[in-house]
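Q: So that we are looking at the same thing, I have put the structure below in structure tokens.
Bear in mind that the values in this text are calculations on the coordinates, not laboratory data. This structure is a prediction, so every number in the text was calculated from the model and none was measured. Heads up, the Cβs are rebuilt from the backbone with ideal geometry, glycines too, and the neighbour counts pull from every protein chain shown.
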Amino acid sequence: MTALLEIRDLAVSVDGKTILDEFELVVGAGEVHAVMGPNGSGKSTLAYVLAGREGYQVTRGTIRFLGRDLLTLEPEERAAAGLFLAMQYPVEIPGVANMYFLRQAMNAIRKARGEPDISAADFMKRLRAQAELVGVPPELLKRDLNAGFSGGEKKRNEILQLLMLEPRLAVLDETDSGLDIDALRTVAEGVNRLRSPERAMLVITHYQRLLDYIVPDRVHVLVDGRIRRSGGKELALELEAEGYAAFQPKPAEPATAAA
Amino acid sequence: MPTARAVEPVPELLELWATSRAYLPGKGPVPGLRDAAFAAFREVGFPTTRAEAWKYTNVVPWVNRPLRLPPRDVPGTDRITAWFAGGVKARRLIFVNGHLLPELAHVGGLPGGVTVRGLGRLLQEEPDRVADALAELDEPRGLTALNTAFASAGAWIELQDGAALDEPLQLLFLTTATADSVLCNLRNVVRLGRAARLHLIETHVALGDAKPLSNVVSQVRLGEGAELRQDRVEIGAAPAALIERSRTVIAAGGRLCRTVATLGYGLSRHEQGVRIVGAGAEALLNGVFTPTGKEHVDTQIRVEHAAPSCHSNQFYKGVVDGRSHAVFAGKILVERAAQKTDAYQSNNNLLLSDEAEIDSKPELEIYADDVKCSHGATIGELDPAALFYLRSRGLPAALARSLLIFGWAEEVLERMADEATRLQARRAFLARLPGGAVLGEP
Ligand SMILES: Nc1ncnc2c1ncn2[C@@H]1O[C@H](COP(=O)(O)OP(=O)(O)OP(=O)(O)O)[C@@H](O)[C@H]1O
Ligand SMILES: [Mg+2]
């Protein structure tokens with residue numbers, strides 16, 4: 001089985017400061033991986049580098065996605081290739097209706113893949129079904145994208161986009177934070193529907209709770225820009241009980257040697 | 001000679017006056033008024049950039065050139081109907097190249113107390129009333145004086161106390177490809193009596209490569225508790241120039257809500273004076289200007305609060321691209337009597353090109369002590385985080401940019417009361433954005 005995502009010896013810096021270093025991660029098709037780590041450890045940085053955000057400089061290493069060199073692709077090309085990032089802080093876009101935007105995004109991706117536009121009727125049918133599934137009310141679809149949405153509404157809306165765009169790799173950056181317990185369950189159900197042998201997920205979270213619903217195949221502990229330990233789903237429970245203290249780099253170890 | 005003396009008109013304009021003077025409509029006091037206006041125009045001349053209000057707009061090349069009065073031209077009706085707005089029941093006056101087309105007017109069967117007429121006929125039939133109205137704007141301004149001297153068309157709209165027009169009234173001003181060097185002097189008079197209500201749509205369109213000059217003067221009066229909603233689009237080809245000066249006086253409890261979208265014209269200059277003379281009145285002035293290429297847009301607003309407990313808000317946005325130049329000067333004047341005034345102004349701009357220029361000048365002048373006033377102007381670029389968000393969803397960079405720009409302007413466009421006008425504005429704006437056609441109709 002070829003890996004869907006393969007990150008090798010990655011070093012990333014922002015404004016000249018090394019954030020990720022010697023970072024390795026391989027995600028196979030059909031797998032769900034969780035990345036956990038303290039604040040500032042570099043989780044969102046990983047997500048942004050995958051999605052191609054400007055200002056995140058890859059100073060070393062490679063990322064292959066479905067056999068392609070991901071780092072040569074523009075953000076929109078990554079989306080067309082099947083990558084989706086549910087952001088920790090979705091951006092508010094005033095003046096652009098949520099529903100309209102979603103249709104533009106779908107059609108842009110279809111166009112990039114040489115597929116015809118989705119018909120208005122098909123789009124609406126699918127949108128209604130998926131919106132109901134993740135608990136996005138119709139009026140939220142008509143409102144401007146994320147503008148004035150509550151924290152939870154933004155997160156649900158990210159998952160709605162995820163379900164509509166059906167990517168091969170979904171990266172969820174703290175989709176659970178800001179969600180009440182019922183919303184968490186709804187969102188997790190939505191995500192689980194997308195699980196399939198040809199898709200993979202990278203779930204970034206602080207809490208074991210989400211992983212009760214989206215059960216991961218692998219859990220990675222990211223501390224200070226490096227994966228310090230990887231294991232099965234039990235690792236998340238261990239973290240919940242003991243925190244990250246055990247994973248802090250020892251003072252003797254030069255943590256940013258490669259910078 | 002006074003130092004601020006403006007530019008001497010070219011001889012062709014003097015000749016134009018001499019040859020056309022006798023044929024302009026209006027009896028009684030009107031010819032004398034025209035003569036006086038032209039004399040005033042000769043005295044004052046065209047404004048130069050030395051005048052504060054014209055500091056950033058060199059209007060001389062646009063106005064001081066050989067111009068002619070408009071010949072009649074009736075374009076195919078399809079070219080006209082494309083610009084209809086206000087819904088199927090809307091009333092309408094259509095002006096092509098500065099002439100009213102009476103055969104295409106739709107102002108029959110108006111409710112009682114509502115008068116909608118072309119100024120040309122009225123000048124002949126009721127010259128005294130029109131002369132009184134024309135004399136209302138007596139400040140010595142070159143372009144206004146020129147307008148008074150030549151004015152032969154425009155809309156005369158009068159609503160008696162308590163009268164209301166439930167359907168919108170559209171004034172469609174169109175210039176065609178044959179209108180090169182044509183001088184359209186349009187004069188509009190809008191008078192709303194006590195508690196009268198009107199929804200006015202002004203559609204300015206310049207077609208083709210002609211280089212006409214529309215010199216418009218509008219005088220608006222809102223009686224006590226009167227309500228005027230005004231939607232205005234300016235969709236003009238690059239060589240055309242549209243200069244308008246409007247003066248609006250609002251009595252107690254009156255309410256003005258005006259939204260302007262400038263989506264073209266090589267030169268668009270809009271000077272709005274609003275004077276609030278009675279308590280509890282409101283003036284909302286919304287606008288978006290979107291110059292690109294070498295277009296020049298100049299908005300000059302002056303809101304005068306002369307009565308207590310009134311509210312005004314200037315909400316203007318700019319999208320400034322290419323090698324264009326945008327000017328916004330918004331002033332709030334609060335007189336001593338105008339206690340408890342709430343007056344706001346904002347002008348936020350997206351500057352999209354290194355070669356474009358924006359001059360934004362907010363100004364407050366306050367003589368009352370118990371007021372809430374604020375103003376602010378910003379000039380910024382597109383938010384990179386927003387751009388990334390859209391691109392990460394698959395939208396190509398150019399499209400993502402256009403969508404963000406559209407969203408920026410939409411905050412103003414959505415304030416238009418008439419849906420058809422809003423759609424026209426959106427469509428015209430999208431057509432000016434890279435990849436905008438793909439964006440379709442949001
Ligand atoms: N523009 C920047 N300049 C300097 N440092 C930055 C910049 N952007 C991010 N960082 C730093 O990079 C580190 C990693 O940030 P990142 O957002 O990836 O952390 P995170 O693991 O997602 O944290 P959280 O759990 O709080 O979301 C932090 O120390 C942060 O301050
Ligand atoms: Mg983060």
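Q: Over 10 Å intervals from 0, what percent of Cα-Cα pairs in segment B:384-442 sits in each interval?
A: Calculated P(r), rounded to whole percents: 25, 49, 23, 3.
Q: To continue, here is another question. Amide H of residue B:97: which non-local residues (sequence gap of 5 or more, or other chain) have their own amide H closer than 5 Å, using H built in the peptide plane?
A: Close amide H contacts, sequence-distant or interchain: B:174, B:175, B:176.
Q: Rounded, prolate or oblate for segment B:48-188? Axes are the square roots of the Cα gyration tensor eigenvalues, ordered a ≥ b ≥ c, and the cut-off for rounded is a/c under 1.5.
A: oblate
Q: With only alpha-carbon atoms in the gyration tensor, what are the semi-axes of the equivalent ellipsoid for segment A:3-247, in Å, largest first?
A: Semi-axes (√(5λ), whole Å): 28, 21, 17.
Q: Need one number: nm distance between label points at residue A:58 and residue B:309, each 7 Å from Cα along Cα→Cβ, rounded to one decimal.
A: Between residue A:58 and residue B:309, the simple spin-label model gives 6.7 nm.
Q: Quick one: grab Rg to one decimal and Dmax as a whole number for segment B:245-347, Cα atoms only, in Å.
A: 14.6, 45
Q: In addition: Count the net charge of all other residues whose Cβ sits under 9 Å from the Cβ of residue B:99, scoring Lys and Arg as +1 and Asp and Glu as -1.
A: 0
Q: A further question follows. Apply the Karplus parameterisation 6.51 cos²θ - 1.76 cosθ + 1.60, with θ equal to phi minus 60°, to every residue of segment B:54-70 and state each ³J(HN,Hα) to the nearest whole Hz, in sequence, with x for glycine and proline.
A: 10, 3, 9, 10, 8, 7, 3, x, 7, 10, 8, 8, x, 10, 10, 7, x
Q: Enumerate the calculated ³J(HN,Hα) couplings along segment B:280-294 in order (Karplus 6.51 cos²θ - 1.76 cosθ + 1.60, θ = phi - 60°), each rounded to whole Hz, writing x wherever the residue is Gly or Pro.
A: Taking θ as phi minus 60°, the curve returns x, 9, 9, 9, 10, 10, 10, x, 9, 10, 9, x, 9, x, 10 Hz for segment B:280-294.
Q: Express as a percent, rounded to the nearest 5, the fraction of DSSP beta bridges in chain A (both residues included) that run antiparallel.
A: For chain A, the DSSP antiparallel bridge percentage is about 60.
Q: Pull up all non-local amide H partners of residue B:328: gap of 5 or more, or a different chain, and H-to-H distance under 5 Å with H placed in the peptide plane.
A: B:299, B:359, B:360, B:361
Q: Sticking with this structure for a sec: Against the longest principal axis of chain A, how steep is helix A:120-134, in degrees 0 to 90 to the nearest 10, with axes from Cα atoms?
A: Rounded to the nearest ten degrees, it is 50.
Q: In addition: Sorted by mean Cβ packing within 10 Å, highest first, what order do the peptides A:158-169, A:195-206 take?
A: Packing order, densest peptide first, comes out as A:158-169, A:195-206.
Q: Which shape class, rounded, prolate or oblate, goes with chain B when its Cα gyration tensor gives a ≥ b ≥ c as root eigenvalues, a/c under 1.5 marks rounded, and past that a/b bigger than b/c marks prolate?
A: It comes out rounded by the Cα gyration axes.
Q: Enumerate the amide H contacts of residue B:377 below 5 Å, restricted to partners 5 or more residues apart or on another chain; note that Pro and chain-start residues carry no placed amide H.
A: B:347
Q: What is the local net charge at residue B:356, summed over the other residues whose Cβ is closer than 9 Å to its Cβ (Lys, Arg +1; Asp, Glu -1)?
A: Its environment carries a net charge of -3.
Q: Something else now. Taking chain A as the reference, fit the longest principal axis to its C-alpha atoms, fit the long axis of helix A:181-194 to the helix C-alpha atoms, and give the angle between the two in degrees, 0 to 90, nearest 10.
A: Approximately 80 degrees, to the nearest ten.
Q: For the protein assembly as shown, just say rounded, prolate or oblate: build the C-alpha gyration tensor, square-root its eigenvalues into a ≥ b ≥ c, call rounded for a/c under 1.5, and beyond that prolate if a/b exceeds b/c, oblate if not.
A: Prolate, since a/c reaches 1.5 and a/b exceeds b/c.
Q: What average number of partner chain Cβ atoms lie no more than 10 Å from the Cβ of the residues making up A:185-192?
A: What the average comes to for A:185-192 is 0.
Q: What is the average number of partner chain Cβ atoms found within 10 Å of a Cβ in A:49-55?
A: 3
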